[in-house]
Each structure stands twice: as C-alpha cells, then as structure tokens.
Amino acid sequence: MRTLILAALLAAAAAIPGSAQQAPAPAEATLLMPQMQLHDPWIVADKATQTYYLFNRNEPAMSGDPRLGTMAYSSKDLKHWTKPKVVFALPETGTWAKAGSWAPEVHPWKGKWYLFTTFHDEAAKLPAQGNRKPYRRGTVLAVADKLEGPYTLVDKGEPIAPKELMTLDGTLYVDPEGKPWYVYAHEWLQTTIGTIEAFPLTDDLKPAGKPRLLFKANEAPWARGQLQPDGDRVWVTDGPEFFRTRTGALLMLWSSYGERGYVQALARSKSGSIEGPWEQLDPLVRRDSGHGMLFRRFDGQLMMVLHRPFTYALGKLYEMRDDGDKVTVVREATELDLEAYPTHPCTTKVSPTGNALPEC
C-alpha cells in the first residue's frame, strides 16, 4: 500500500510544471526526496543565489564519484534537487581516517566556509571499556572559499577534539560575544552513557580549553538505554545543533533512542549560555526520526530537516514555529518531502491497514 501511494505521489509531482514550483529546468533538478537516501541531512539557504544546498555523506550511486567524502545537492524550491556533486574528498593517503564521512555540516566563519564531518578507523584501538572496545573516531575540519566548495582538509585531518576521545557529530556554536565553541557527542562505546560536551575555540578554530560536560543522554526522561549483545545497556547521544530564539533562549537539537526508536530531541539552556545548565524539553519528533537541524526558507519560514527512519533514511521537512522559549513543529511539509504517512499533524492512531501507529 505504501509503495502504491508513494508511486502516485511521485507521478503527481512529476506532472507539476517546474515554473509553478519555481524550480530549475527539469534536466537540472530531477530528483525528489524519496529518491535520495539522506542520513544526517544539512541544509544551507544561500540568499545570494536563492539556492538551497543539502550536504550529505557521498553516496557513489547518487554522485557517480567513488571517493570517500561529502556531496551536495542543490535546489531552488526544496522539492526538486540536482544530481549531487562531491564537494570534499578525503585524501587517499596521509590521514588517520579510513571510513565514515558522517554527518557533514558547513558553517560560515571569518569570510570562509568550514565543513565538519566525522571519520573513524576501527583498527586504531582505544583502551577497552569493560566489554566494549572503542576505537578512534572524531570530527575533522575542512575549509573552502565558497559554500559549494571544493573543501580542503585543515591540520592534515587531525580531529578537533582530543584524539583519545571517541567522538562524533561535531558542530560550531558562536556565542553572543562572537566567540566560537566546538560541541560534539562523546560516543557511548567509550562512556556507556553518551554525553554532549563542548570546549572553546580560538578564532582559527583551534582548541582553547578543556572539554566540559553539558549533559548526559539519560537525563532525558524519555531516553531509553539500548541493550547490547554483550549484556551492557548504553545510552546514545547524536547530532547537537543550536538555535537562538526570538527572545534569546538558547536551544539545542539532539538525538537519542526512546521506546520506539530514534527521537528528535530538544534541550534548553537555563542560563542562556552554552555552559547551561541544560534542561530537557518534550521531543519534537518521534517515530524513528532524528539528527535534525533548523534553517530558514527564503520567505522567512523556519524549517527543520531530519531523517527517518534510521536505517535507509530519507529526508523529511517540517515547518516550525519560534515560540520564544522553545520551537514547535507546525506540520510536516509533505508537499516537499512526499511523505505518505506524516508525523505532524497526527489525526489518527490507526494506519490505513488497521494497525496502530506509533505516537507522533
């Protein structure tokens, strides 16, 4: 049933004239989100060119380029997307990294664009933690003069966080005084209970202080530990991203696991500072959804993009509302992501096949 509905949506979308959607010529932007496997999507709205860029781990089947790195799609309307191009490729020699290129995101800083993306090397073992055997993982930095790249490695690809820490999903936060901070997830393989941590950076994005704990995954009342084959129970932290509301409240989007899979979570700093303390708010989206980020459409509408489900993930788009003390999902933009079973609004608890649906 789901396949038939999706096919009908794709056919209907293809019949809509490109001019009505303010899209590029069909030959340039023929991809729709259900055709794009997207894990940890990151969107930048480039006002100068009125173009949206969607960054993701390079998938050779999509880009036609076999290199390990980051690719970017582009769109004029958030619905029709171009074939992606590789904007960053990890050098084949001279770096510690062997796999990954997870969760790429780009940030403007001091007149340039910086790419943050996570790599690992399973052969580079770190000290064992009970039954668990962590290995080297960390977020590296690359830089470009233009948003669309090409990006080149900084510091020969050494991770931003201390290399003895198993970390991922690093991001840039700039405080009200204009000082940069590095924020990341400390992996459960090393900590049992995953954490979100941060440390200040210099203006050239070098470490300028020791890591400090922001919060632990199990501080969220909805978070559930995941039982591992060796009997350990662990708590996951993923994807920290920041948003300052219209009233100045500092929010953090992050992800972990609840009773029914991956969850798009929301936290708020009680002090308005990166150092917190942080309080956990109600999740934004459940239903195996997460690793989201916020951006603004060219008409000013606040949007969120995330992936669902965790395995074979697709991109999902939401219209959001800035409530001052938090952000709220208004609706899922199904006219853009072509989702047949949207999470918001959730008007029924029963699926078309008669099965109970998970909570929204």
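The values are calculated or read from the model by the stated rules, or taken from the named source; none is laboratory data. Just so we're clear, the structure is a prediction, and the values are computed from it rather than from any experiment. Note: ideal-geometry Cβ built from the backbone for every residue, glycine included; neighbour counts use all protein chains shown.
Structure notes:
- Within the range 268-289, considering residues that are surrounded by 14 or more Cβ atoms within 10 Å (Cβ to Cβ) and either within 17 Å of Thr343 (Cα to Cα) or of a type in the set (Phe, Trp, Tyr) (or both), the one nearest to the chain's Cα centre (by Cα): Ser289
- Failed item in (1) within 23 Å of Trp96 (Cα to Cα); (2) free of Cβ contacts under 8 Å to residues at least 24 places away in the same chain; (3) among the hydrophobic types (A, V, I, L, M, F, W, C), with Leu153 passing the rest: (2)
- Residue that is nearest to Val236 (Cα to Cα), among those in the range 120-144 that are of a type outside the set (Phe, Trp, Tyr) and touching a Lys or Arg at 6+ places or on another chain (Cβ under 6 Å): His120
- Residue check, Tyr257 part of a strand (DSSP E or B) and among the aromatic types (Phe, Trp, Tyr): yes
- The residues of the range 226-255 that are polar (S, T, N, Q), modelled with pLDDT of 95 or more and surrounded by fewer than 21 Cβ atoms within 10 Å (Cβ to Cβ), listed by number, are Gln226, Thr245, Thr247.
- Boolean, Leu141 is assigned to a strand (DSSP E or B), out of contact with any His (no Cβ under 7 Å at 6 or more places or on another chain) and within 23 Å of Val44 (Cβ to Cβ): yes
- From the options Leu172, Leu189, Leu168, Leu147, residue that is in a loop (DSSP other than H, G, I, E, B), out of contact with any Cys (no Cβ under 9 Å at 6 or more places or on another chain) and surrounded by 14 or more Cβ atoms within 10 Å (Cβ to Cβ): Leu147
- In the range 19-39, the residue that is surrounded by the most Cβ atoms within 10 Å (Cβ to Cβ) out of those that are at pLDDT 50 or above and within 19 Å of Arg297 (Cα to Cα) is Met33.
- Residue in the range 272-279 that is of a type in the set (Asp, Glu) and either at pLDDT below 95 or not in a loop (DSSP other than H, G, I, E, B) (or both) present: yes
- Answer residue from the range 290-339, given it is of a type in the set (D, E, K, R) and either under 14 Å from the mean Cα position of the chain (by Cα) or within 20 Å of Thr171 (Cα to Cα) (or both) and is surrounded by the most Cβ atoms within 10 Å (Cβ to Cβ) among those: Lys316
- Of the strands (runs of 3 or more DSSP E) that lie entirely inside the range 30-78, not one contains 2 or more residues that are more than 14 Å from Leu147 (Cβ to Cβ), charged (D, E, K, R) and out of contact with any helix residue (DSSP H, G or I) (no Cβ under 8 Å at 6 or more places or on another chain).
- Flag if Lys206 is within 18 Å of Pro159 (Cα to Cα) and over 21 Å from the mean Cα position of the chain (by Cα): yes
- On the stretch given as the range 205-227, residues that are in contact (Cβ under 8 Å) with a residue 60 or more places away in the chain, part of a loop (DSSP other than H, G, I, E, B) and farther than 15 Å from Trp254 by Cα total 1.
- Number of residues in the range 131-142 that are surrounded by fewer than 17 Cβ atoms within 10 Å (Cβ to Cβ) and of a type outside the set (Lys, Arg): the value is 2.
- Matching residues, the range 184-203, being within 20 Å of Pro134 (Cα to Cα) and under 21 Å from the mean Cα position of the chain (by Cα): Tyr184, Ala185, His186, Glu187, Trp188, Leu189, Ile193, Gly194, Thr195, Ile196, Glu197
- Any hit, the range 11-18, residues being modelled with pLDDT under 95 and either of a type in the set (Phe, Trp, Tyr) or surrounded by 15 or more Cβ atoms within 10 Å (Cβ to Cβ) (or both): yes
- Count of the range 287-300 residues which are closer than 16 Å to His39 by Cα and either part of a strand (DSSP E or B) or of a type in the set (D, E, K, R) (or both): 7
- Number of positions in the range 231-250 that are under 13 Å from Phe215 (Cα atoms) and not hydroxyl-bearing (Ser, Thr, Tyr): 4
- Within the range 75-130, if we keep just the residues that are small (Gly, Ala, Ser) and surrounded by 18 or more Cβ atoms within 10 Å (Cβ to Cβ), the residue that is farthest from Val154 (Cα to Cα) turns out to be Ser75.
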